[in-house]
1. Could you tell me which of rounded, prolate or oblate describes segment 21-82, using a ≥ b ≥ c as the square roots of the eigenvalues of the alpha-carbon gyration tensor, with rounded for a/c under 1.5 and, failing that, prolate when a/b is larger than b/c and oblate otherwise?
2. Mind ordering 70-77, 40-47 by average Cβ neighbours within 10 Å, highest first?
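None of the figures in this text is laboratory data; all of them are computed from the coordinates on show. These numbers were taken from a predicted model, which means no experiment stands behind them. Cβ coordinates were reconstructed from backbone atoms using ideal geometry, including for glycine residues, and neighbour counts include every protein chain displayed.
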């Protein structure tokens, strides 16, 4: 019985850093977010998500950072509300035309 108590205590103590990882990753996420904004991307033009590193990447996202000893990753996703002209073409009269 004493052994199982020690095992339980050891298991809880060893899992504490993993459970706290998202909180420590918030600081890294905040730093990355500020760098992106400083590069001219509006705050409404992207999202950052913290996911466990063992989950597959989303097809429309890019990994921009890792934290908590590479157990978590930070994904960048561009949103349509940004002022991006990517994919837009110009008509003959110089007007920007969005693809249909």
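1. Numbers: a/c = 2.66, a/b = 1.41, b/c = 1.89.
Because a/c hits 1.5 or more and a/b fails to exceed b/c, segment 21-82 counts as oblate.
2. Details: 70-77: 16.9, 40-47: 13.5.
Packing proxy ranking, top to bottom: 70-77, 40-47.
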